[in-house]
Amino acid sequence: MDKREVVFRIKRFNPGKDREPYYQEYTLSVPKGMTILEALQQIKDTQDPTLAFRAFCRSAICGSCAVKVNGFPKLACKTQVFSELDKFETDTLTIEPLDNMEVIRDLIVDWDTPLRRMEEMKPYLIPDPEVVPDSLEEESRVYPDELKRFDQFTDCILCTSCFSSCTAVQLDGGYGGPFQLARVYRFAVDPRDALKAERSKIGYAFDMWNCVRCNKCADVCPKHVSPVDGIMKLRGLSIEVDLKNNPGARHVMAFYKSLLESGMLNEVLLPLRTKGIRGVLENLPVGIKLILKGKAHSPVMKPITEHETLVKVMKAAMEVE
C-alpha cells in the first residue's frame, strides 16, 4: 500500500490555559485514500487525546468538520491527504480553524455569530395563503422551471466556509454574510413564499451591496452553491422593488443606462450618475490625468452600429431572468 510520512502542523489554542495560539506538529504515516478527518482522528487516538476538532456525519453533509488546509477552507471528511500534498507539492499540511469566528478550542469555532445573523434574516418559508393550502391533505406544488431558480441554493450545508473567507464580513459588522444572503434569495424566488421580492429589503438592510464580488465564497464552497450568485440576483430584485437610493444600485443603473443610450459604457458620466457631484469631485484627479493623456472621451457618445440589436438582446435577457 502506498504510504507517505506527513507532517501535520496544527494550530492549537485552549482559551482556558493558553495566552496565544500556537502550532504543534505531528508526524503520521498516511496511506493513500486517508482523509484529513481520519488523520486528525488518528492523531487524537494515538498521539494527543487533547486535540479538539468537530465532526459528525463523515459524509460531507453536516458541514461540521470544516477547517483550513494550507489556508483554504475544506471539509475534512471529504478532503484526501494525498490530493492536498500533491496540490501544494509538500509533505507538510497546516491545519487551522476557520476565520471570522471566535475559536472555542483548537480547530473548533463558535458558529453562534453567523447562525444568529442568519436567524435575524428570516431564513424560512413564510407561506403565501394564495399558494399554500391550509389543509395538509393538499399539495403545494413547485414546478421544475420554478425550482430551477433556487434549487442551487438549497444545497448549502451551513459549513460556514464561505463566511470564513469573506472579506466583507471582516470589514463590515453589519454585513449579512454570503450563505445568509444567498438563503434570503432562495426564499425570495420560492413561489410559495409570501414575501417574495420584498425579501430583498432584508438583503438591503444587511448591506448586501457591500459584497465586492471577489468570488471567494464560490471558490471555497464544498457544494458548489456559489453564494455570490444569489447575492447578485438579490440585488436585482431590490432594484425591481425600487430600492435604488444607494451607490451600488445607482452604479448598476448607470451601466444599464449607458448601454441603452449608446451600447458602450460612458465612463465620464459614470461617477456623476453613481455618486452625483460628490462622485465627480472624488474622481476629478483621475479624470484630469485621463484628459491630459488623451484617454477621456466626450460625455456625449454616438450609438454603436448594432445598438438597436444590443438593446433588444438586453431586454430579452431581462425578461428571461
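The values are calculated or read from the model by the stated rules, or taken from the named source; none is laboratory data. Not measured: the values here are computed from a predicted model. Note: ideal-geometry Cβ built from the backbone for every residue, glycine included; neighbour counts use all protein chains shown.
Going residue by residue through the range 60-68, is there one that turns out to be more than 30 Å from Leu234 (Cβ to Cβ), within 25 Å of the chain's Cα centre (by Cα) and not assigned by TED's automatic domain parsing to the domain that holds Val212? Within the range 60-68 (the criterion being more than 30 Å from Leu234 (Cβ to Cβ), within 25 Å of the chain's Cα centre (by Cα) and not assigned by TED's automatic domain parsing to the domain that holds Val212), the answer is no, since none of the residues qualifies.
Hey, can you tell me all the residues within the range 32-46 that are surrounded by 13 or more Cβ atoms within 10 Å (Cβ to Cβ) and more than 24 Å from Ile157 (Cβ to Cβ)?
Keep residues of the range 32-46 that are surrounded by 13 or more Cβ atoms within 10 Å (Cβ to Cβ), which gives 34-44.
The answer is Gln42, Ile43.
Go through the residues of the range 66-85 one by one and say whether even a single one is without any contact (Cβ under 8 Å) to a residue 40 or more places away in the chain and crowded, with 17+ Cβ neighbours inside 10 Å. Yes - at least one qualifying residue is present in the range 66-85.
Examine the range 25-47 for a residue that is within 30 Å of the chain's Cα centre (by Cα) and among the β-branched types (Val, Ile, Thr), and state whether such a residue exists. Give the derivation first.
At the first step, the residues of the range 25-47 found to be within 30 Å of the chain's Cα centre (by Cα) are 33-41.
Going one step further and asking which of them are among the β-branched types (Val, Ile, Thr), we end up with 35-36.
Looking through the range 25-47, at least one residue is within 30 Å of the chain's Cα centre (by Cα) and among the β-branched types (Val, Ile, Thr).
Taking the conditions (1) loosely packed, with under 11 Cβ neighbours inside 10 Å; (2) at pLDDT below 80 in turn, Ala296 satisfies each one other than (1).
Results for (1) crowded, with 17+ Cβ neighbours inside 10 Å; (2) touching a residue at least 24 places away in the same chain (Cβ under 8 Å), shown as yes or no for each residue.
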site	(1), (2)
Ile126	no, yes
Glu138	no, no
Leu181	yes, yes
Tyr204	yes, yes
Trp209	yes, yes
Cys217	yes, yes
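Would you check if there is a residue in the range 31-40 being assigned to a strand (DSSP E or B) and in contact (Cβ under 8 Å) with a residue 12 or more places away in the chain? Reasoning before the result, please.
Start the filter on the range 31-40 by keeping residues that are assigned to a strand (DSSP E or B), which leaves 31, 35.
Those left that are additionally in contact (Cβ under 8 Å) with a residue 12 or more places away in the chain: 31, 35.
Scanning the range 31-40 turns up at least one residue that is assigned to a strand (DSSP E or B) and in contact (Cβ under 8 Å) with a residue 12 or more places away in the chain.
Can you name the residue in the range 162-203 that is touching a Lys or Arg at 6+ places or on another chain (Cβ under 6 Å) and of a type in the set (Val, Ile, Thr) and is also nearest to Val132 (Cα to Cα) among such residues? Only one residue tops the list, namely Val189. Scanning the range 98-120 turns up no residue that is more than 30 Å from Cys77 (Cα to Cα), hydrophobic (A, V, I, L, M, F, W, C) and either surrounded by fewer than 14 Cβ atoms within 10 Å (Cβ to Cβ) or within 24 Å of the chain's Cα centre (by Cα) (or both). Within the set Glu120, Glu84, Glu137, the sole residue that is more than 30 Å from Arg9 (Cβ to Cβ), modelled with pLDDT of 95 or more and either among the hydrophobic types (A, V, I, L, M, F, W, C) or out of contact with any Asp or Glu (no Cβ under 8 Å at 6 or more places or on another chain) (or both) turns out to be Glu120.
Step by step: first the residues of the range 219-228, then only those that are on the phi < 0 side of the Ramachandran plot and either surrounded by fewer than 17 Cβ atoms within 10 Å (Cβ to Cβ) or among the basic types (Lys, Arg) (or both), then the one that is farthest from the chain's Cα centre (by Cα). Which residue is that? Can you show your working first?
We begin by selecting, within the range 219-228, every residue on the phi < 0 side of the Ramachandran plot; these are 219-223, 225, 227-228.
Imposing the further condition that a residue be either surrounded by fewer than 17 Cβ atoms within 10 Å (Cβ to Cβ) or among the basic types (Lys, Arg) (or both) reduces the set to 219, 223.
Details: Asp219: 9, Lys223: 12 Å.
My answer is Lys223.
Candidates are the residues of the range 183-200 that are surrounded by fewer than 22 Cβ atoms within 10 Å (Cβ to Cβ) and among the small types (Gly, Ala, Ser); the one that is modelled with the highest pLDDT is Ala194.
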